[in-house]
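Shown next, in structure tokens, is the structure this report addresses.
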Amino acid sequence: DQQVKQNSPSLSVQEGRISILNCDYTNSMFDYFLWYKKYPAEGPTFLISISSIKDKNEDGRFTVFLNKSAKHLSLHIVPSQPGDSAVYFCAASEWSTGANSKLTFGKGITLSVRP
Amino acid sequence: DAGVTQSPTHLIKTRGQHVTLRCSPISGHKSVSWYQQVLGQGPQFIFQYYEKEERGRGNFPDRFSARQFPNYSSELNVNALLLGDSALYLCASSRSGADTGELFFGEGSRLTVL
């Protein structure tokens with residue numbers, strides 16, 4: 001029972017273009033969403049997050065959009081750089097219940113940025 | 001500043017054995033969480049500890065246990081190992097149990113059960 005779904009296992013994008021990574025969730029209690037990036041042989045590193053009271057959050061080249069009615073979020077990377085090549089995990093939590101450290105992760109998307 | 005450190009980084013065990021994995025959080029962080037990442041899947045929540053008390057437990061059998069020490073470091077113990085326990089075990093820390101959910105992960109301990 002996957003509560004957080006990343007249906008596309010991989011994405012290949014040309015350097016300088018936009019990368020759009022999608023994520024869907026089924027649990028209506030999720031109210032905080034995060035994106036993590038993972039390089040091989042390293043632990044996941046936090047990238048950007050968004051609360052359910054917002055529909056957009058920007059941090060430099062990274063923007064996360066949240067559509068609560070569709071239970072969908074997306075991560076936009078503009079412009080994409082070769083160093084962005086990594087596995088990206090979407091994660092969610094029931095922050096308002098206090099279960100902040102209990103993140104539910106998707107399976108991840110492998111992003112490849114071609115020079 | 002040192003990040004989250006985990007030991008050992010790699011280990012091989014046989015079925016039925018016991019394993020202990022260790023984690024030191026970032027200085028000043030009082031909350032430690034453990035996650036299991038099986039190949040091809042995202043990390044799955046096992047435990048959270050804050051101020052030495054268990055604050056959350058995922059859907060794992062009683063063979064899995066953990067504890068947190070006064071210095072906020074933590075151990076994850078797994079008894080009666082099964083082949084399916086082979087995975088990357090990730091430890092994550094945060095300042096408290098009530099912040100925004102940004103966790104800082106270590107590099108993980110890769111366990112292989114033969």
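Using the empirical formula 2.2 N^0.38 Å as the baseline, the Cα radius of gyration of the protein assembly as shown reaches a ratio of 1.01. Placing R0 at 45 angstrom, the Cβ-Cβ distance between residue B:17 and residue A:11 gives a FRET efficiency of 0.65 after rounding to 0.05. Computed from point charges on the beta carbon alone (+1 for Lys and Arg, -1 for Asp and Glu), the dipole magnitude for segment B:5-113 about its Cα centre is near 240 Debye. Summary of the geometry: segment B:1-79 and segment A:17-90, compared by the centres of their Cα atoms, lie 25 Å apart. Taking every protein chain into account, the 1.4 Å probe leaves residue B:52 with about 100 Å² of accessible area, to the nearest ten. Length, then width, then depth: along the principal axes, the Cα atoms of chain B run 38, 27, 26 Å. Treating cross-link reach as a plain straight distance, find the aspartates and glutamates whose alpha-carbon is under 19 Å from the alpha-carbon of residue A:102, omitting any fewer than eight places away in the same chain. Qualifying aspartates and glutamates at Cα under 19 Å: A:1, A:24, A:31, A:94, B:51, B:53, B:54, B:62, B:75, B:99, B:102, B:107.
With a cut-off of 9 Å between beta carbons, the residues surrounding residue A:78 carry a summed charge of +2, where Lys and Arg count +1 and Asp and Glu -1. For chain A, modelled as a GNM whose springs connect Cα atoms under 10 angstrom apart, the maximal fluctuation among A:63, A:45, A:104 occurs at A:45. Given the Cα atoms of segment A:69-115, and with Rh set as the inverse mean 1/r over their pairs in the Kirkwood sense, what is Rg to Rh to two decimals? Looking at segment A:69-115, the ratio lands at 1.09. If R0 is taken as 35 Å, the Cβ-Cβ distance between residue B:62 and residue A:96 corresponds to a FRET efficiency of 0.75. Close amide-amide hydrogen proximity is noted between residue B:56 and B:48, each under 5 Å apart and 5 or more residues distant or on a separate chain (H modeled in the peptide plane; Pro and chain starts excluded). Multiplying the residue separation of residue A:42 and residue A:57 by 0.36 nm and removing their Cα-Cα distance gives an extension gain of 2.8 nm. Charging the Cβ of each Asp and Glu at -1 and of each Lys and Arg at +1, and nothing else, the dipole of the protein assembly as shown about its Cα centre rounds to 340 debye.
Over chain A, accessible surface divided per residue gives 47 Å², non-protein components excluded, 1.4 Å probe. Here segment A:4-114 is treated as an ellipsoid with the same Cα gyration tensor; its semi-axes, largest first and in whole Å, are 23, 15, 12. For residue A:107, the residues whose amide H sits under 5 Å from its own are A:6, B:42, ignoring neighbours fewer than 5 places away on the same chain, with H placed 1.01 Å from N.
Can you tell me the dipole magnitude for chain A around its Cα centre, using point charges on the Cβ only (Lys, Arg +1; Asp, Glu -1), in Debye to the nearest 20?
For chain A, the charge dipole is close to 140 debye.
The values are calculated or read from the model by the stated rules, or taken from the named source; none is laboratory data. Owing to the predicted nature of the structure, the values given are computational and were not obtained by experimental measurement. Neighbour counts are summed over all protein chains in view; Cβ atoms, including those assigned to glycine, are modelled from backbone coordinates with ideal geometry. Surface areas here come from the heavy atoms of the whole protein model, side chains and all, with no ligands, DNA or RNA. Shrake-Rupley method; radii C 1.70, N 1.55, O 1.52, S 1.80 Å.
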